[in-house]
Amino acid sequence: MAPAATLRKVLISDSLDPCCKQILQASGISVLEKANLSKEQLLAEIKDCDGLIVRSATKVTADVINAAEKLQVIGRAGTGVDNVDVEAATRRGVLVMNTPTGNSLSAAELTCGMIMSLARQIPQAAASMKEGKWDRKKFMGMELQGKTLGILGLGRIGREVAIRMQSFGMKTIGYDPIITPKESAAFGVEQLPLEKIWPLCDFITVHTPLLPSTTGLLGDATFAQCRRGVQVINCARGGIIDEGALLRALQSGQCGGAALDVFTEEPPKDKALVNHPNVISCPHLGASTREAQSRCGREIAVQIVDLAQGRALVGAVNGQALSSAYASHTKPWIALARALGIVLRALTHQMNGGVQVVTHGSTLQRAGSYLIPAVAIGLLKETAQKDVNLVNGLLLAQEAGLKIATTHSDRAPSDEEGLLQLAAQDTPYVLVGSVQGSIPVLHELSGTVFKQLVPLTGTLLFYRSKASPTSLLPTVIGLLGKAKVELLSYNHSSIVTGQEWNVMNISSALQSLQELMQHVTEVVQVTL
Ligand code: 9EZ
């Protein structure tokens with residue numbers, strides 16, 4: 001997976017809004033649309049596809065990913081990637097993307113509907129009418145005006161819920177570890193620590209991802225801190241409200257009502273919650289509107305076209321490093337990291353210890369996250385590992401036993417924007433490089449300094465010898481001539497007898513280094 005992926009053919013294997021296919025085709029991608037494929041049919045169809053787009057029905061398992069020899073990207077039209085084996089995709093270097101915001105308004109509106117339904121027991125009243133009853137005493141409700149709504153998670157959905165419920169006169173308080181109190185004040189949510197929120201709320205709605213830190217966010221201990229009769233809503237992910245604790249709280253009256261669109265197991269086998277009179281529920285309908293489906297179909301198509309055209313990377317789930325490769329100022333640094341990785345690997349032949357990566361200069365302060373996968377690509381280039389890219393570089397390096405450690409120092413030499421240093425542990429090899437304009441260049445090799453920076457492009461021949469560079473030059477040039485290889489440029493590092501390195505940019509790689517080896521202490525050749 002590289003910027004400007006060549007996506008010829010994309011398979012859409014779930015029923016998606018027609019605009020998805022149209023957008024892909026309009027950009028010249030050929031589209032195969034086949035829903036309800038059997039596993040065997042899917043394995044056959046995916047074989048020659050460069051991309052796969054799914055909603056939630058297709059299970060993109062490791063065997064599907066491994067059968068897809070040309071697959072570069074999996075697009076999920078919707079939030080979350082529960083039906084995609086992201087780990088297997090990452091290992092194969094396949095980018096996974098989703099459309100995290102396409103469903104937000106539909107999820108927010110369903111949540112508001114749930115709050116109103118809880119307050120007035122509309123679903124229960126409607127069911128009793130259908131049973132032929134006219135029960136006006138049983139369904140005494142409450143007004144929302146003046147009540148307090150606690151919103152846990154203040155991303156797109158949480159804030160849309162807040163704005164809408166404020167128009168009903170609700171006081172909106174909440175918590176989110178990422179959003180600042182100033183940001184949330186802009187949409188009318190006062191943030192408080194969780195322990196202050198529980199006792200204040202008449203209603204609590206959750207809008208967080210499902211993480212270890214949010215699983216059971218409402219549980220026995222937190223229900224106990226709530227007002228008696230608190231009503232709770234989960235239109236986010238099954239498990240954020242602990243189902244066992246919720247049932248206990250409903251039975252004791254500590255919880256006065258619950259609205260559930262999602263469950264830990266879907267459909268839920270245990271019907272105790274769904275059948276409780278104070279529970280209203282839906283079969284995971286948060287995203288089930290024509291508008292959300294159309295938006296997600298459009299968004300995933302646009303994201304994949306942008307990827308194909310190298311324009312942008314939006315919605316990547318496993319492509320943090322790759323995202324950076326789309327910024328023009330980071331591209332040459334990624335090329336530098338890869339090139340230094342290739343040279344270091346060539347010099348050390350085998351790498352037993354780890355590699356120490358040091359970024360120098362404030363412009364590279366957060367660069368480790370994408371430079372390390374790029375170093376990994378370089379280190380693995382000449383190994384048995386094939387198809388190493390920014391998606392799987394780090395994982396494959398770890399699995400090859402290569403430990404890549406990183407540190408950052410804000411100090412850079414005054415005339416440099418930044419420097420990247422690679423050192424192979426337990427060896428004398430240390431490389432220092434930077435970027436000049438948009439060209440990656442080598443400054444230093446094992447403590448010796450190049451008077452003129454060495455552009456890290458094309459085929460480079462590195463050698464050192466005890467003889468002075470000038471006395472050896474005719475011999476090397478003679479050998480190149482004999483092999484019909486042109487010398488494009490020549491460079492050597494500071495003279496410390498027996499230590500200086502010579503670097504030649506040559507027109508093509510030498511077939512053999514045997515003859516040259518007889519004249520030098522050390523020689524390696526790389527093609528970048
Ligand atoms: C956790 C969260 C919100 C929350 C939201 C997000 C990572 N994370 N955690 C506890 N995005 C409210 C309570």
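Annotations for the structure displayed:
- Looking at segment 417-459, the accessible area is 41 square angstrom per residue; that uses a 1.4 Å probe and ignores ligands, DNA and RNA.
- Largest to smallest accessible area among R338, R237, R8 [probe 1.4 Å]: R8, R338, R237
- By a 1.4 Å probe calculation restricted to protein chains, Y175 has an accessible surface near 80 Å², given to the nearest 10.
- Of the solvent-accessible surface of segment 281-373, computed with a 1.4 Å probe and all protein chains present, 50% belongs to carbon and sulfur.
- Translational diffusion coefficient (Stokes-Einstein; Kirkwood radius from C-alpha pairs) of the chain at 37 °C, 0.692 mPa s, in µm²/s: 121
- Overall dimensions of segment 65-209 by Cα: Rg and Dmax, Å: 20.4, 65
- Expressed as a fraction of 2.2 N^0.38 Å, the value expected for a compact globular protein of N residues, the C-alpha radius of gyration of segment 288-368 is 1.58.
- Note on segment 259-414: Kirkwood radius taken over Cα pairs, Stokes-Einstein applied at 37 °C and 0.692 mPa s, translational D equal to 171 µm² s⁻¹.
- By average C-beta atoms within 10 angstrom, highest first, the peptides 209-216, 455-462, 361-368, 293-300: 293-300, 455-462, 361-368, 209-216
- Helical segments meeting 15 Å axial Cα length and Kyte-Doolittle 0.5 threshold in the chain (DSSP H): 104-120, 331-348, 368-380, 469-482
- More than 26 angstrom apart: percent of Cα pairs within segment 407-528: 22
- Extension gain, A224 to N352: 0.36 nm times the residue separation minus the Cα-Cα distance gives 40.6 nm.
- Neighbours of K381 by Cβ distance under 9 Å: Lys/Arg scored +1, Asp/Glu scored -1, total +1.
- Low-density loop positions, GluC sites (Glu not before Pro), segment 1-106 - DSSP coil, at most 15 other Cβ in 10 Å: E69
- Mean projected area of the Cα convex hull of segment 91-145, taken over all directions, amounts to 7.2 nm².
- Relative to its residue count, segment 19-124 spans a Cα convex hull of 135 Å³ per residue.
- Remark: C-alpha extents of segment 366-436 on the principal axes read 40, 27, 20 Å, sorted largest to smallest.
- Segment 440-509: GluC sites (Glu not before Pro) falling in loop per DSSP and having at most 12 other Cβ within 10 Å: E486
- The stretch between S508 and S438, if pulled fully straight at 0.36 nm per residue, gains 22.9 nm over its current Cα-Cα span.
The values are calculated or read from the model by the stated rules, or taken from the named source; none is laboratory data. This is a predicted model, so every value here is computed, not measured. With ideal geometry, Cβ positions are generated from the backbone for all residues, glycine too; neighbour counts draw on all protein chains shown. Please note that ligands, DNA and RNA were not included when accessible areas were found on the heavy atoms of the full protein model with its side chains. Shrake-Rupley method; radii C 1.70, N 1.55, O 1.52, S 1.80 Å.
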